[in-house]
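So the structure is just underneath, and the comments pick up after that.
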Amino acid sequence: MPFEPLDPGMYREIVRRALAEDFGWGDVTTETVIDRDQRARGIVLSKSSCVIAGLDIASEAFRQLDPGVAVDVRRADGERCEPAMVVAEYRGQASALLTAERTALNFLQRLSAIATLTRQFVEAAGGRVTVLDTRKTTPLLRALEKYAVRVGGGVNHRGGLDEGILIKDNHVRLAGGVEQAVRRMRKGNREMPTEVEAQTLGQVDDALRAGAEIILLDNLSTPDIVEAVRRCRGRAKTEISGGVTLPRMRELAATGADYISVGALTHSAPAVDLSFEIEPA
């Protein structure tokens, strides 16, 4: 699935703050051991099978410390890398490469992990259902992590609370019921599609009567999901959520639901192994 690169304005300040967090009052080791005018060549090396994501962000870390660094990207975001593949090469001030190394790798490893896991879920779905992410993201890194989901072939759910109406169990409880919650939302003249969470088939029926356009099936059994999809057909789209794992994807994708949202994409992506190897230029 095509994806647009991130606007640098979305990550430049985040990278600056990440470098400052690591740099502190100075890289005392590099400042002591390395000559200021020494040049070096560094390569990012893949040490595990993964889908790369975040190369522009990693490169930004090096550029902020050495604006003249030469960047040679060997693999593009979205490409699969195998062990021993060179992902990117950087030539510039040795001190800048050493100081920015960990920050660059942290971004690259985190986003590549998300892209890799997303690709696994998308492939397991076999094109029968759209794989969505959630808002279960690292604070302040949501735009970057949701970008990595797109790189992996997934689709972003809401980027924030202002991007869509999702009436969940707590809303329903406080409003006095599904129909009451939807009625209050409609009085607010909201033109966005209304999504309602349902934890039982009875709540699915309530949501349909209330006129929900999308019904989130939260932790329903597979037989109940199949029945819910049948009831919603032609009336509302359906989204499966809760308890979604890779081994279950084939089974869940076969239920006929429109979407499957997976919180694990951004909160539990296993780390990928990338290293930065440097030598005198």
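Figures for the structure shown
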item: Separation of the T138 and S268 label points, Cα + 7 Å toward Cβ, nm; result: 1.9
item: Separation in nanometres of the label points that stand 7 Å from Cα toward Cβ, at A70 and E191; result: 5.3
item: Hits among aspartates and glutamates - C-alpha to C-alpha of K187 under 15 Å, sequence gap 8 or more where chains match; result: E179
item: Efficiency of FRET from Cβ geometry, A281 and V86, R₀ 25 Å, rounded to 0.05; result: 0.95
item: Contact order relative to length of the range 123-267, as percent, for alpha carbon pairs under 8 angstrom and 6 or more apart; result: 30
item: Computed over the range 123-267, the ratio Rg/Rh where both radii use C-alpha atoms and Rh is Kirkwood; result: 0.96
item: Whole-number D in µm²/s for the chain (Stokes-Einstein; Kirkwood sum over Cα pairs; 20 °C, 1.002 mPa s); result: 103
item: Share antiparallel - DSSP beta bridges, the chain, percent rounded to 5; result: 55
item: Residue of G176, G152, G92 that the Gaussian network model of the chain assigns the largest fluctuation, springs spanning Cα pairs under 10 Å; result: G176
item: Total formal charge among the other residues, if their Cβ is under 9 angstrom from that of I52, Lys/Arg +1 and Asp/Glu -1; result: 0
item: Nitroxide proxy distance, nm - points 7 Å out along Cα→Cβ at D162 and E21; result: 2.4
item: Reachable lysines, given that their alpha-carbon falls under 21 Å from the alpha-carbon of K237 and they are not under 8 places away in the same chain; result: K168
item: Residue with peak Gaussian network fluctuation, the chain [Cα springs, cutoff 10 Å], from F121, F107, F23; result: F23
item: Mean Kyte hydropathy of -0.5 or more with a Cα span along the axis of at least 20 Å, helices from DSSP in the chain; result: 94-125
item: GNM result for the chain, Cα springs below 10 Å: residue of T103, T32, T116 fluctuating most strongly; result: T32
item: Partners for K146 among lysines (Cα-Cα distance below 16 Å; same-chain residues under 8 apart left out); result: K136
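A short reminder: the numbers here are calculations on the coordinates, not readings from a lab. From a predicted model like this one, the values you see are computed outputs, not experimental measurements. Glycine gets a Cβ as well: all are built from the backbone with ideal geometry, and neighbour counts include every protein chain shown.
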